[in-house]
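Shown next, in structure tokens, is the structure this report addresses.
No value in this document is a laboratory result; all are computed from the given coordinates. Please read all numbers here as calculations on a predicted model, not as lab measurements. All Cβ positions, even for glycine, are placed from backbone atoms using ideal geometry, and neighbour counts span all protein chains on display.
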């Protein structure tokens, strides 16, 4: 007789204000199983809906303590932290949260444009640095070639003087 049921659900997009005051929309997927069906029907009216509501609240609470940079770069640890919090909250309901994955982090359109402009400006800066470095390299090579020609000419002059 099977005593657990594997279930997944999507956490709908949640509007979250990050610690650095950026509003983002984040959704996730939660993988869980009901490890004790008797407890799950006696301790909570609807374990799936209750787990979904707890997941949405936990997502907002945890991400509200993070900066945008942390959310974008530390998704794995944030997902693990969510899984741990959810698992602790759902254990009395006979539910085991196996995994949580953040799916999409959507930035406001004005923030996306600003970041794109900044990246474009940074790329332009690096392009100019590249051109400047190439120009300096060209000048250094040309100077060395000119210096080599002077040394060669002086050598020829000395050689001609010694032959006379």
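Restricting to Cα pairs below 8 Å that are 6+ residues apart, what does the relative contact order work out to for the range 1-66? Please round to a whole percent.
Details: 82 pairs, mean separation 25.7, N = 66.
Here the relative contact order equals 39 percent.
What is the order of 105, 97, fewest Cβ neighbours within 10 Å to most? Before the final figure, lay out the partial values.
Details: 105 16, 97 23.
Starting with the residue having the fewest Cβ neighbours, the order is 105, 97.
Explain nothing, just the number: relative contact order of the range 27-110, from Cα pairs under 8 Å at least 6 residues apart, as a whole percent. Present the calculation step by step, with values, prior to reporting the outcome.
Values: 96 pairs, mean separation 43.3, N = 84.
It rounds to 52 percent for the range 27-110.
For the range 5-107, what does the alpha-carbon gyration tensor say about shape, rounded, prolate or oblate, given a ≥ b ≥ c as the root eigenvalues, a/c under 1.5 as rounded, and a/b over b/c as prolate?
Values: a/c = 2.45, a/b = 2.29, b/c = 1.07.
Since a/c reaches 1.5 and a/b is larger than b/c, the shape of the range 5-107 is classed as prolate.
How far, in nm, would the chain grow between residue 160 and residue 109 when pulled straight, counting 0.36 nm per residue and subtracting the alpha carbon separation?
Numbers: separation 51, 0.36 × 51 = 18.36 nm, distance 7.54 nm.
That works out to 10.8 nm of additional length.
For a quick check: sort 40, 159 by the number of other beta carbons within 10 angstrom, fewest at the front.
159, 40
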